[in-house]
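Here is the structure we will look at, set down as structure tokens.
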């Protein structure tokens, strides 16, 4: 019982790596069994420490630090900056972006060059010729509505989704559905048609009665002339002179 | 009318210069610390993995990670402990993945046990002891294992280990005691 207590204490002392206290030291000197257990435990722990030290303090490969430095060089912000400023990396990206922007810009320009139905409608309202034509005879107006329904966006919507009522024109305007590949040509044709007919419409327009009231010019008042022979006139003049004298 | 934008090219260049100088100083400081702490990182990894090539890979990885975040480290005096902790975690992860892979391969192939070399009995005993020790160390809790490893590396004293791990000296002693006790029980 006493030996077991000291044996446990000696193992703990050995594990701690400390020197045994005087009481334990006295027992170890007296008890050979406990002394041998303590010695074997110290020997085992010594072996463990030696093995751990030899494993942990192995020689460092000579290439370790240079390799790490080389990797740090690659990782440095300066190297990253060089990669960023390398034209081989960003030139293709810029070229691709430029091509995409050019394509979008050309498409946008093409769409803007074709007046939409709203622009045509505005033109029709603002144009005095068209106003006069509408006021005079609505049945003669045919060019503007044709242009309105062949606008690119509305035409495509009307073709694909007819249920959404894409064309915002008056109920009396005719609607024309055209294939997408013909809408541009038809729009140009309608535009030219409208421009050509503007001059003829001006001539054909009937002017409203209130705008064309007849001018009331007063008649010239001319007194009646008395026609007399010239000889009689001279004799009368002479008689008058004598009377005066 | 042409639109004009106010720019300050001189200020931009000055900022770039300051940033470049800061980065250069940071890198110089890191390389100075690398010469001191690089071997320690390698040895920590080697102590966990027991393989020089793997330890080199893991230590390099840990150093690069530390470099990427070096500017965010507030207390530069804690760099050594920081690097040790990063290396230890990475080495443990590598060891775990290696063990899993080895376990799978063992299940598939069932390799035969290699016979111990009969020519040198002492060497065989030493190898056997080492392999038993390695297994016992692997079974230790991580905290005890790190303390045991650091106390074995480069002859660190308990105080140095406490400083490295930023833990009290009594905690280091306690962890080391329990680690050695468990190892002795398993190897006895």
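Tabulated values for the structure
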read-out	value
Shielding of A:54-66 by partner chains, average beta-carbon count, 10 Å	6
Cβ neighbours within 10 Å from other chains - mean over B:46-57	3
Cβ-based exposure ranking for A:90, B:82, in which fewest neighbours within 10 Å come first	A:90, B:82
Footprinting exposure proxy for B:185, A:19, A:224 (fewest neighbouring C-beta atoms within 10 Å first)	A:224, A:19, B:185
Per-selection Rg to Rh, segment A:2-54 - Cα, Kirkwood hydrodynamic radius	1.02
Computed E for residue B:188/residue B:89 - FRET, C-beta separation, R0 30 angstrom, nearest 0.05	0.45
Segment B:115-188, relative contact order in percent, only Cα pairs under 8 angstrom and at least six apart counted	34
Sorted by Cβ neighbour density within 10 Å, fewest at the top, the residues A:6, A:189	A:189, A:6
10 Å Cβ neighbours from other chains, averaged over peptide B:126-134	2
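Throughout, read-outs are computed from the coordinates displayed, never taken from laboratory work. Bear in mind the structure is a predicted one, so any value in this text is a computation, not a measurement. For neighbour counting, all protein chains shown are included, and Cβ atoms are generated from backbone atoms with ideal geometry for every residue, glycine included.
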